[in-house]
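A.B. asks: I have a structure here, written as structure tokens, and I will follow up with some questions on it.
The values are calculated or read from the model by the stated rules, or taken from the named source; none is laboratory data. This one's a predicted model, so the numbers in the text were calculated from it and none came from an experiment. All Cβ positions, even for glycine, are placed from backbone atoms using ideal geometry, and neighbour counts span all protein chains on display. Accessible surface is based on the protein model in full, side chains and every heavy atom, while ligands, DNA and RNA are left aside. Shrake-Rupley method; radii C 1.70, N 1.55, O 1.52, S 1.80 Å.
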Amino acid sequence: MNAQAQAVNLSSDDLLTGAEWNAAQVRELFRLATDVKAHPDRYKTALSGRHLAMIFEKPSLRTRVTFEVGITSLGGSAVYLDHAETHLGDRESIPDVGRCLSRWVHGIVARVFSQQGLETLAAHATVPVINALSDVYHPCQTLCDFFTLEEKFGSARGLKFAYVGDGNNVCHSLLVAGARVGAHVRVATPVGYEPDAEIVAAARRDAAATEGSIELFRSPEEAVSGAQAVYTDVWASMGQESETDARAKIFAPYQVNAKLMSQAAPDALFLHCLPAHRGSEVTDEVMESPRSIVFDEAENRLHVQKAILLTLLS
Ligand code: CP
Ligand code: NVA
């Protein structure tokens, strides 16, 4: 185990679900990210000579650029492997990919179709594996989201947070991270699109320890009522494109628009992991309103992921 991981007493060198890090370790990550953001020059050789493999089975703007710029600005380097080069388990077995990459690089960032495949990769790699989005989780995103909310509100502990839309990978990771920072997380989804019951149950157990809470709703208005932060994501995630039209009808009542935002607290902020489909899950008006902090979230992907790299690769 590396020095930084030991310093925060991590039980795993991987970041696959976000549940590897407890509330205290998330707090330590945020402290480091705050310092990295305020004093980037202090860290410009911190990962000198360290190399990262970046496997992307799906497209990306934010995650790819922030990890690549992040490792470079820490003195290391990245090798990008796109879908054509590395479809996990296609050209060669996932265990063999993990074993080979571990001989050349110091960490693997992977955006994959299958969480199970990612876990197989991590089981066979001897270097840290970081989930850059899977079908089940997007932990780097939501650690950045709650870091951003802590910047805005001082603390996310006790924060009334509402997620409206699909109970997808981002929603799951908001539950994992929200429980760790002690937020009151409310989720509103249509029937059949609820977040995974086991992830909800685990988040409820974790939230009990941080005095946060997790509640599921059918009505977006009820979930958003009095919320200080309102979050949504696309209705059809990458890989679900064929369901786009059917989902558009089902999710229409879940659009985050000015009317829905008017149910939230008067100073409520709007968040979205991006990319956004304006006119679908969110209106242009909300995206462009002074309440929208979507580009602060995007910026913080860089700072928080640098802190993740420092924690796992030092
Ligand atoms: N939010 C996010 O992960 O963006 P990308 O898909 O562009 O990486
Ligand atoms: N839920 C979305 C998030 C994109 C960052 C997807 O998986 O496509």
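A.B. asks: Cβ-Cβ under 7 Å, sequence separation 6+ or interchain: first residue in the stretch 181-202 and at positive phi, partner in a helix (DSSP H, G or I) and not acidic (D, E). Which pairs?
C.D. replies: G182/T210
A.B. asks: Let me spell it out: the conditions are (1) over 27 Å from V200 (Cβ atoms); (2) at pLDDT below 95; (3) in contact with a helix residue (DSSP H, G or I) (Cβ under 9 Å, 6 or more places away or on another chain); (4) open to solvent by 20 Å² or more (accessible area, probe 1.4 Å), and D35 meets all of them except one. Which number is the exception?
C.D. replies: Every condition holds for D35 apart from (2).
A.B. asks: Sticking with this one: Tally time: how many residues in the stretch 116-146 are touching a residue at least 24 places away in the same chain (Cβ under 8 Å) and either among the small types (G, A, S) or more than 14 Å from ligand 1 (Cβ to nearest atom) (or both)?
C.D. replies: The initial filter retains those residues of the stretch 116-146 that are touching a residue at least 24 places away in the same chain (Cβ under 8 Å), namely 117-146.
Adding the requirement that they be either among the small types (G, A, S) or more than 14 Å from ligand 1 (Cβ to nearest atom) (or both) leaves 117-129, 132, 134, 136, 146.
The number of residues fulfilling the criteria is 17.
A.B. asks: How many residues does the stretch 229-263 hold that are under 22 Å from F146 (Cβ atoms) and out of contact with any helix residue (DSSP H, G or I) (no Cβ under 7 Å at 6 or more places or on another chain)?
C.D. replies: 2
A.B. asks: If I filter the stretch 217-238 for residues that are away from ligand 2 (no atom under 16 Å from the Cβ) and on the phi > 0 side of the Ramachandran plot, do I get at least one hit? Steps first, answer last, please.
C.D. replies: Pass one, the stretch 217-238, residues away from ligand 2 (no atom under 16 Å from the Cβ): 217-230.
Those still in the list that are on the phi > 0 side of the Ramachandran plot too: 226.
Yes, the stretch 217-238 contains at least one residue that is away from ligand 2 (no atom under 16 Å from the Cβ) and on the phi > 0 side of the Ramachandran plot.
A.B. asks: In addition: Take the residues in the stretch 50-68 that are out of contact with any helix residue (DSSP H, G or I) (no Cβ under 6 Å at 6 or more places or on another chain) and among the β-branched types (V, I, T), then tell me which one is nearest to ligand 1 (Cβ to nearest atom).
C.D. replies: Only one residue tops the list, namely T63.
A.B. asks: I need the full set of residues from the stretch 149-180 which are farther than 14 Å from L271 by Cβ and in contact with a Lys or Arg (Cβ under 8 Å, 6 or more places away or on another chain), in order please.
C.D. replies: Matches in the stretch 149-180: D166, A179.
A.B. asks: Can you tell me which residue in the stretch 295-314 is surrounded by the most Cβ atoms within 10 Å (Cβ to Cβ), limited to those that are out of contact with any Lys or Arg (no Cβ under 7 Å at 6 or more places or on another chain) and farther than 13 Å from R62 by Cα? Full working, then the answer.
C.D. replies: Keep residues of the stretch 295-314 that are out of contact with any Lys or Arg (no Cβ under 7 Å at 6 or more places or on another chain), which gives 295-297, 299-300, 302, 304-312, 314.
If we keep only those that are farther than 13 Å from R62 by Cα too, we end up with 306-312, 314.
Working: K306: 25, A307: 26, I308: 25, L309: 28, L310: 21, T311: 24, L312: 22, S314: 16.
Ranking the candidates gives L309 first.
A.B. asks: Return the residues of the stretch 256-287 that are of a type in the set (V, I, T) and within 16 Å of ligand 2 (Cβ to nearest atom); say none if nothing qualifies.
C.D. replies: V256, V282 - these are the residues of the stretch 256-287 that are of a type in the set (V, I, T) and within 16 Å of ligand 2 (Cβ to nearest atom).
A.B. asks: Turning to a different aspect of this structure: Return the residue satisfying two criteria in turn: it lies in the stretch 45-100 and is of a type in the set (K, R) and within 16 Å of ligand 2 (Cβ to nearest atom), and of such residues it is farthest from V304 (Cα to Cα). Explain how you work it out, then say what you get.
C.D. replies: As a first pass, look at the stretch 45-100 and keep what is of a type in the set (K, R): 50, 58, 62, 64, 91, 99.
The next check asks that each one be within 16 Å of ligand 2 (Cβ to nearest atom); those that pass are 58, 62, 64.
Details: K58: 22, R62: 13, R64: 14 Å.
Of everything passing the filter in the stretch 45-100, K58 is farthest from V304 (Cα to Cα).
The rows are residues; the columns are (1) more than 14 Å from R186 (Cα to Cα); (2) surrounded by 15 or more Cβ atoms within 10 Å (Cβ to Cβ); (3) within 16 Å of ligand 1 (Cβ to nearest atom).
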site: A223; (1), (2), (3): no, yes, no
site: V230; (1), (2), (3): no, yes, no
site: D233; (1), (2), (3): yes, yes, yes
site: E241; (1), (2), (3): yes, no, yes
site: K249; (1), (2), (3): yes, no, no
site: Q255; (1), (2), (3): yes, yes, no
site: L260; (1), (2), (3): yes, yes, no
site: F270; (1), (2), (3): yes, yes, yes
site: C273; (1), (2), (3): yes, yes, yes
